[in-house]
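The values are calculated or read from the model by the stated rules, or taken from the named source; none is laboratory data. The structure presented is a predicted model; accordingly, all values stated were derived computationally and were not measured. Virtual Cβ from ideal backbone geometry, glycine too; neighbours counted across all protein chains shown.
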């Protein structure tokens, strides 16, 4: 019995149609080998549980928490900026703590502070339901394939699934095959058995990975290695990808993590993904299915989600970035192996991480690395060669190159320290500690990058509360003070119009027409944005002769144009904030809070009054 969600978001549970109680794939075999092979296939997958695929939940949690704590202790202004991130990214997959099925729990999640969201998200990436495999069960024509999301009376229904024996299949996208060298689809490809490193230099036998006397005996009888056995078990399955029949957005990860413009081999992501993921037949066939697929590299995952962070400022979108950096520090992830004692290495690593996180020397070493890397590289890389593991990272590197650099160092350890595990398993604590240190430091560098750190420039303080002055519009008047026309209320002046009396009187007319009684600022002194309220709400209505530009508050976003942070609707800039991204984001919240949908001016160009209304 297997359960999960299909690509329509519906819960499913399935069992082999043959009804023999032995589970899936029973149609493949015959005679006395059925039970042995079924059991063997089962234990291959059990041997490759999530702990064998990625740094464990505890490790991701502790490293991410450590990165945040060091950032807080070394740069409180950056940490304050991070805590202002409150965006919501709709592309984030459902998780146990983020599900629309429980609205109250979802709202409670959205109310969490930014650091809590990030720490929760980093380990949860292993639980994303974003990569669908289809098990081809057999039939007439098309290699025995049929619509996996439809019950058909005249077919042995193919089975879609996101998990296998408790293992989430998204983990196949958490590798980067440095060992193979330059990739077919990316600078370095992700996991692949026949088109990557996993089919070569396998030294761990399936019997060694198994637990239990019977399972070990079966492994010895077949002679399979771990990666070999896993891909044998999956040889009649394929990744459901764009361009394939019956695809309905079932594998969003492969669409998101595809960047065909980098290599320019394929004109579109659809063309690339069809080449990456050949469909399978109902029995293992050369050139088809999972064994001949090339999964997405983990640096592409970081690249996509960092882009979503830039667009939405949802702190949870940095969770996959942290996850990618930290997975890349595991030697087996950088060499492209599920076997070769991958699970034992990560079990040993998980047991050591808590101790390292509490070592003052570990923290000091991490801080020194971050300080050295918080620099500007005049020639940031678009790709890194295998030998560039010693190149010093910089904060203006693209996020995927930060991940790749960590993987280069992890692969160096796989090759030099462990000699590809040719002589069996061992755990080098000094090597693992150093890789964890690099992953922690790179996690901090990524957070600094996200917070807008620029070497040599002070961090602009973040505004977190509205800054407003109340006044009585009935008492407002235009006066000339020391040769300058101003709007004043008693002894306090609100606005200065210089020598332009007509603009001052037009501005007063507007203030009194709308009965504006609060003048508010985003950033002082020299605020880049001012806005006015009427009893705590947006001015509304219209005044003849107003100079206003309408916009849709649902479509505006913060973006950077020629080095300047602006609030824009599409290609139209509404208001600019110089190099202060945090003020731009705060202003965006203000506009959305009050529902402003027009920006209005008195005097253009160089307006003497700018105000917002509905």
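Details
- Of residues in the stretch 520-530 being touching a helix residue (DSSP H, G or I) at 6+ places or on another chain (Cβ under 9 Å) and part of a strand (DSSP E or B), the one farthest from residue 467 (Cα to Cα): 529
- Some residue of the stretch 200-223 being at pLDDT 95 or above and within 27 Å of residue 282 (Cβ to Cβ): yes
- Looking only at residues in the stretch 382-395 that are in a loop (DSSP other than H, G, I, E, B) and modelled with pLDDT of 95 or more, the one that is nearest to residue 445 (Cα to Cα) is 395.
- Of all the listed residues (446, 432, 439, 474), the sole one being in a helix (DSSP H, G or I) and not assigned by the TED database to the domain that holds residue 86 is 474.
- Among the residues of the stretch 278-313, those identified as within 27 Å of residue 122 (Cα to Cα), out of contact with any helix residue (DSSP H, G or I) (no Cβ under 7 Å at 6 or more places or on another chain) and buried (at least 19 other Cβ atoms within 10 Å of the Cβ) are 297, 312.
- Qualifying residue in the stretch 144-162 (condition: without any contact (Cβ under 8 Å) to a residue 24 or more places away in the chain and within 20 Å of the chain's Cα centre (by Cα)): no
- Residue count for the stretch 454-465, restricted to those that are surrounded by 18 or more Cβ atoms within 10 Å (Cβ to Cβ) and either farther than 26 Å from residue 534 by Cα or modelled with pLDDT of 95 or more (or both): 2
- Search result, residues across the stretch 481-516 that are under 18 Å from residue 612 (Cα atoms) and out of contact with any strand residue (DSSP E or B) (no Cβ under 8 Å at 6 or more places or on another chain): 509, 513
- When the stretch 487-510 is limited to residues that are under 50 Å from the mean Cα position of the chain (by Cα) and over 15 Å from residue 603 (Cβ atoms), the one that is surrounded by the most Cβ atoms within 10 Å (Cβ to Cβ) turns out to be 494.
- Any hit, the stretch 536-549, residues being free of Cβ contacts under 8 Å to residues at least 40 places away in the same chain and crowded, with 19+ Cβ neighbours inside 10 Å: no
- Test for residue 279: is it on the phi < 0 side of the Ramachandran plot and in a loop (DSSP other than H, G, I, E, B): yes
- Some residue of the stretch 416-426 being loosely packed, with under 15 Cβ neighbours inside 10 Å and either part of a helix (DSSP H, G or I) or touching a strand residue (DSSP E or B) at 6+ places or on another chain (Cβ under 7 Å) (or both): yes
- Every residue from the stretch 576-587 that is buried (at least 19 other Cβ atoms within 10 Å of the Cβ) and in contact with a strand residue (DSSP E or B) (Cβ under 7 Å, 6 or more places away or on another chain): 577, 580, 581, 583, 584, 585, 586, 587
- Subset of the stretch 549-568 (residues that are more than 24 Å from the chain's Cα centre (by Cα) and part of a strand (DSSP E or B)): 549, 550, 564
- Conditions (1) more than 18 Å from residue 604 (Cβ to Cβ); (2) over 37 Å from the mean Cα position of the chain (by Cα); (3) surrounded by 12 or more Cβ atoms within 10 Å (Cβ to Cβ); number of the one not met by residue 468: (2)
- Residue 347 free of Cβ contacts under 8 Å to residues at least 40 places away in the same chain and within 26 Å of the chain's Cα centre (by Cα): no
- Restricting attention to the stretch 372-395, the residues being more than 24 Å from residue 175 (Cβ to Cβ) and in contact (Cβ under 8 Å) with a residue 24 or more places away in the chain number 5.
- Whether a residue is at pLDDT 95 or above, part of a loop (DSSP other than H, G, I, E, B), more than 30 Å from residue 308 (Cα to Cα) and more than 30 Å from the chain's Cα centre (by Cα) was assessed, and residue 193 does not pass this test.
- Test set (1) within 25 Å of the chain's Cα centre (by Cα); (2) outside any loop (DSSP other than H, G, I, E, B) - residue 579 fails condition number: (2)
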